1. Classify region 186-288 as rounded, prolate or oblate from the Cα gyration tensor: take a ≥ b ≥ c as the square roots of its eigenvalues, call it rounded if a/c is under 1.5, otherwise prolate when a/b beats b/c and oblate if not.
2. Subtracting the Cα-Cα distance from 0.36 nm times the residue separation, let me have the gained length for ARG69 to LEU133 in nm, one decimal.
3. Residue by residue through region 277-284, what is 3J(HN,Hα) from phi via Karplus (6.51 cos²θ - 1.76 cosθ + 1.60, θ = phi - 60°)? Round to whole Hz and write x for glycine and proline.
4. Run the simple label-point estimate for LYS255 and LEU164 please: 7 Å along Cα→C-beta, distance reported in nm.
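Please treat every number below as a calculation from the coordinates, not as lab data. All values derive from a computational prediction rather than experimental measurement. Every residue, glycine as well, gets a Cβ built from its backbone with ideal geometry; the counts of neighbours run over all protein chains shown.
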Amino acid sequence: MKTDIKLLKRDIKPEELNDYGYLMLDSTSTDFHSLKEEIPFILDAGVVVFVCLAGEGKIVVDMQVIHFRRGSFVILLPYSVIQVTDISEHAQITLIATGMGFLEKLAMSQPVENYVEKIREMPCIQLSERQLLNARDIYFFVERLYKEATGPLSKEIQNTLMTLLSLKIVTLFSENHPAGKPRLSRQEQVFRNFTISLAKNVKEQRTVEFYATEACLTPKYFSTVIKKRSDKLPMEWITERTILLIKFLLGNSDKSIQEISNELNFSSQSFFTRYFKHYTGMTPTAFRNRK
């Protein structure tokens with residue numbers, strides 16, 4: 001995981017903190033090709049917003065394939081599992097990375113949970129050329145003033161600018177969401193809720209019974225619903241997400257094998273090692289040292 005998105009995992013300096021937790025604005029992020037990896041990464045440190053200004057590509061967000069091109073506007077929420085699977089040579093992306101306070105601004109007159117729900121249903125909208133150019137101009141204006149803000153009121157200025165940017169994003173979503181909320185089938189609701197819960201709880205909960213209970217279904221019927229909706233059983237999703245998380249921690253942290261085992265609630269390091277080797281063919285240490 002290279003380029004600017006890696007900033008989401010760094011230690012945040014005190015001077016970077018504001019009402020949004022932290023913020024990184026970058027209108028020059030063009031080297032997204034290094035993000036094209038076989039292993040997805042987990043966004044667990046904030047919210048990422050990006051707008052495609054040129055080129056095209058494909059990403060997978062929480063098992064949902066998103067094709068983006070000029071004018072595509074994407075919000076990636078915390079706990080999302082993201083994989084960049086394709087990107088054109090001359091893609092140009094404008095990137096915002098910020099803390100959860102950004103979502104509070106997005107909520108406006110609605111509860112935050114409602115807006116999060118809408119974004120998870122439709123993380124990507126397609127802007128018209130007029131909307132894109134207008135949003136770009138506002139963004140560049142905010143970016144310039146945000147970086148130039150100095151003096152005793154600099155934090156207040158920056159937060160006001162972020163409020164402006166948040167209002168613009170809300171407006172874009174309201175203009176481009178289809179009228180009315182699409183009615184999901186019961187199976188679609190169960191599967192969608194399962195993917196969200198799995199992302200949040202997989203560190204602690206890796207049984208079908210836990211997720212079936214959340215859905216108020218028996219484990220057998222829950223498994224039938226997930227299999228019918230996704231062609232995979234719940235335990236396959238749980239195992240896949242667990243292995244993904246282990247790989248992420250092994251490749252993107254300095255934690256010891258024991259610390260990772262404890263963090264993921266395995267009964268012992270030896271069981272953790274056997275589990276990982278069973279599904280990957282190598283030990284955690286070998287995976288960490290493979291490069």
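1. Here region 186-288 falls in the prolate category.
2. The ARG69-LEU133 span can extend by a further 21.6 nm.
3. 5, 4, 9, 10, x, 9, 6, x
4. Result: 4.0 nm between the two label points.
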